[in-house]
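A short worksheet on the structure shown next.
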Amino acid sequence: MPTTTTILPWPLVGRGAQAHPVPSLQYLLRARGHAIAVDGIFGPQTDAAVRSFQQSRGLAVDGIVGPNTWTALIIQVQRGSQGDAVRAVQEEFRFRAGDPGHALQVDGIFGPKTDAAVRGFQQALQITVDGIVGPVTWRALVSGMLAG
């Protein structure tokens, strides 16, 4: 199905980066088995985890999270999914909320509120509205689309 919205490219994120999309990156690294803190700072721990992940996937080991690393790192999630990959999705919507009181709870449970947020985001971007956070939706989220 053709999209009418151009999805922004994957962001390049490396050592020294702070704030969005670093927390989502850190949650995804955790989902891939790397025991790191989610603090929004791309410091030595995150750098080491990225390099380890890149090496394990046969990617260029440069510590830079670009298109190839993001593509290998993302995990498709949907209603009923649980864990750190879901927390990454919820973190993306918390980032967009502006008002923390109206943000999704980052609880790692892909329930009705997360499903509604994903579907609303997909509808706003005019991409397939299926409630599944796959490659296109992930790329739109981490690239910062619809963030105020």
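Checking each residue in region 4-32 for being of a type in the set (S, T, N, Q), assigned to a loop (DSSP other than H, G, I, E, B) and in contact (Cβ under 8 Å) with a residue 40 or more places away in the chain picks out Thr4, Thr5. Within region 62-91, residues that are open to solvent by 60 Å² or more (accessible area, probe 1.4 Å) sit with their Cβ atoms under 7 Å from residues that are among the acidic types (Asp, Glu), at 6+ positions apart or across chains, in these pairs: Arg79/Asp115. When Gly111 is tested against (1) closer than 24 Å to Leu8 by Cβ; (2) open to solvent by less than 60 Å² (accessible area, probe 1.4 Å), exactly one condition is not met: (1). If you go through region 131-148 and pick out every residue that is touching an Asp or Glu at 6+ places or on another chain (Cβ under 8 Å) and either open to solvent by 30 Å² or more (accessible area, probe 1.4 Å) or not in a helix (DSSP H, G or I) (or both), you end up with 1.
Only one entry in Ile7, Ile75 is at pLDDT 95 or above, closer than 23 Å to Thr128 by Cα and touching a helix residue (DSSP H, G or I) at 6+ places or on another chain (Cβ under 6 Å), namely Ile75.
As for region 101-113, it holds no residue that is closer than 23 Å to Ile41 by Cβ, touching a residue at least 24 places away in the same chain (Cβ under 8 Å) and outside any loop (DSSP other than H, G, I, E, B). All conditions but one from (1) under 15 Å from Leu73 (Cβ atoms); (2) surrounded by 15 or more Cβ atoms within 10 Å (Cβ to Cβ); (3) not small (Gly, Ala, Ser) apply to Gln55; the one that does not is (2). Condition check for Arg94 on (1) modelled with pLDDT of 95 or more; (2) of a type outside the set (Asp, Glu); (3) in contact with a Pro (Cβ under 9 Å, 6 or more places away or on another chain); (4) open to solvent by 70 Å² or more (accessible area, probe 1.4 Å): one failure, at (1).
Of the candidates Ala35, Ala48, the single residue that is open to solvent by 40 Å² or more (accessible area, probe 1.4 Å) and in a helix (DSSP H, G or I) is Ala48.
For Ala117, are the conditions met, namely being open to solvent by less than 10 Å² (accessible area, probe 1.4 Å) and not in a loop (DSSP other than H, G, I, E, B)?
Working: open to solvent by less than 10 Å² (accessible area, probe 1.4 Å): no; not in a loop (DSSP other than H, G, I, E, B): yes.
So Ala117 fails the test.
The values are calculated or read from the model by the stated rules, or taken from the named source; none is laboratory data. These numbers were taken from a predicted model, which means no experiment stands behind them. Positions of Cβ are generated from backbone atoms using ideal geometry, with glycine treated the same way; all protein chains shown enter the neighbour counts. Quick note on the areas: whole protein, heavy atoms, side chains included, nothing else; ligands and nucleic acids left out. Shrake-Rupley method; radii C 1.70, N 1.55, O 1.52, S 1.80 Å.
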